[in-house]
Amino acid sequence: MITHRFRMYPNRKTEAKLLESIEICRQGYNTFLGELQKQKVIDKSLIQGIIPDMKICDSNFSKVHSKALQYEVYKLFSNLRGLLATKNKHRKVGALRFKGKGVFKTFTYNQSGFRLTYNDRRNQTLWLSKIGSIAIRCHRQVNGIIKQVTIKHFPSGKWFAFIIEDGIKPQKTANNSIVGIDLGLQSIVYDSDGNSIPNPRHLKQKEEMLKHLQRKMSNKQKRSSNRNRFKVQLARQYEKLANSRNDFAHKVSHHYADNYGIIAFEDMNIQNLSKGRFSKSINDTVLGKIRQYTTYKAENAGGKVVLVDTRGTTIRCSQCGNRVPKEIWDREHDCDNCGFIAPRDYNSALGIKRLCLEKLRLEQPEVKHLEMEALPMATSVYEK
C-alpha cells in the first residue's frame, strides 16, 4: 500500500459541505458510542446495523456517504482495542469519551464513494459522494487502485486528501555497506564515515514569531473574530515548523537509505528522553522521526536498520576498547592506551558500527588509528 498526501482547494460552497460532513461524522461516532455503552455483550455488527435507522430518524445522516459512517464504527472499535491493549499493560485507563465540537478533523471514504480524475498535469479533480468535485493538486501519479480516501482539515484552514492505493513500491538493489549513526543535539547525526549534520534548530528560527502571535492572541477577547484570526496565523506558523522538521527528517533518512545497505542506530527510548530536562531541544531535533523514516525507507530500498545496545560506547574507545571517562561537556575522545584521538560523537559512531558488525556476525573491517588532524572533516550530507 502507498499513501499520498495531496492538497485540496475547495470553494466556499464545497468547504461548507466538508465541514458539515465532519460534524455529522462526529455525531455518528457519539451515537455509536452511546449504543456500545448500552450493550452487555459487545457486537460490532449490531452497531453497524443501526445506520439505516439513524438515517430515517435524522435526515442529516443521509447527507454523508454510508461508507463514511461505517468507518466511524471502525474507528470506535479501533479506539476500544487500543484502550484494552493499554489496560493489559497494567496501566490506568478510563472509558471512551464522547467527542465534542472541534475535536473531529477528518472523515474517511473506504473502498467507494470517490473518484480521482486527471484533466492535465496541473489540473486534477477529486469527486466525493454527497459533496461533489474538488480541485486537487496531485504532485505524483496515482497508478494503482485507490482503496481509501481520508479528508483532513488542518487548523491553518488547509484541506488535504490522504489517498491510499494498492500499488507496490519499486524495490531497489541494496549495497552491502554498513554505517553506524550516533544521534545527538549539537550534531543531529554523526556517522562512522566522518560525516555530520549540524542541528538546524527549526524552533529557534520561528520562536520569536510564535511568541509574538501567542501574545497577540491572548490579548484578544475569547471567541472574537480577531482572536480567531490570530489563532489561524499561529496555526500556520506551527504548520510551517512541522513541515520544516519533516522535510529535514525525510532528506536525512533518504540519504542513508539510498547509500547504505545496513544502517546501525543506538537502541534508545527517544520518547522517554523527550520528557526530561532537554525535552524542548530533543523534540526539535526529530531524532525519532529520523530513525523511523530511515527504517521504512531502508526496507523499501532492500536494506535494513539494526538497533544496538550502546551502553558504554561514549566512554569506550572504538579502536582498543579501553575505558576513557568523559564529562558531558568533553567533546573530544583521547585514548591514552592506543593514542586514538577523535571527536566524541565520531568515536561513538564507530563503536555503534562495531557493535552492529558483532551483532550480525560479520568481520570487522580494519580501522586506522587516525590522529585528529588526519580525520576526515565533518561534512554535511544535508543541503538546504
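Computed from the coordinates by the stated procedures, all read-outs in this text should not be read as laboratory data. Note that this is a predicted model, so its numbers are computed, not measured. Ideal geometry is used to build each Cβ from the backbone, glycine not excepted, and the neighbour counts take in all protein chains shown.
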To make sure I understand the rule: partners must be lysines, Cα under 21 Å from the Cα of Lys105, and not fewer than 8 residues away in the same chain. Which ones qualify? Lys13, Lys17, Lys63, Lys67, Lys75, Lys130, Lys147, Lys152, Lys158, Lys231, Lys240
Provide the gained length on full extension for the span Lys99 to Lys222, in nm with one decimal, where the gain is 0.36 nm per separating residue minus the Cα-Cα distance. 42.1 nm
Nearest-0.05 FRET efficiency for Gln141 and Leu19 at R0 = 30 Å, using Cβ-Cβ distance, is 0.50
Take the alpha carbon gyration tensor of region 1-168, find the square roots of its eigenvalues, order them as a ≥ b ≥ c, and report rounded if a/c is under 1.5; if not, report prolate when a/b exceeds b/c, else oblate. prolate
Evaluate E = 1/(1 + (r/R0)^6) for Asp43 and Ile315, where r is the Cβ-Cβ distance and R0 equals 45 Å; express this FRET efficiency to the nearest 0.05. 0.20
With a point put 7 Å past each Cα toward its Cβ, work out how far Asn337 is from Thr125 in nm, to one decimal. 7.3 nm
What nm distance separates the two modelled labels at Gln292 and Asp267, each placed 7 Å from Cα along Cα→Cβ? 2.1 nm
Computed lengthening from Met209 to Lys240, 0.36 nm per intervening residue step minus Cα-Cα distance: 10.0 nm
Compute from the Cα atoms of region 16-109 the Rg and the Dmax, the latter being the longest Cα-Cα distance, and quote both in angstrom. 13.8, 44
Sort out for me the Cα centre separation of region 6-23 from region 84-127, rounded to whole Å. 15 Å
Students often check this: by mean Cβ neighbours within 10 Å, which of 98-107, 37-46 ranks highest, and how do the rest follow? 98-107, 37-46
Length gained, Phe162-Lys89, 0.36 nm per residue minus C-alpha separation, equals 23.1 nm
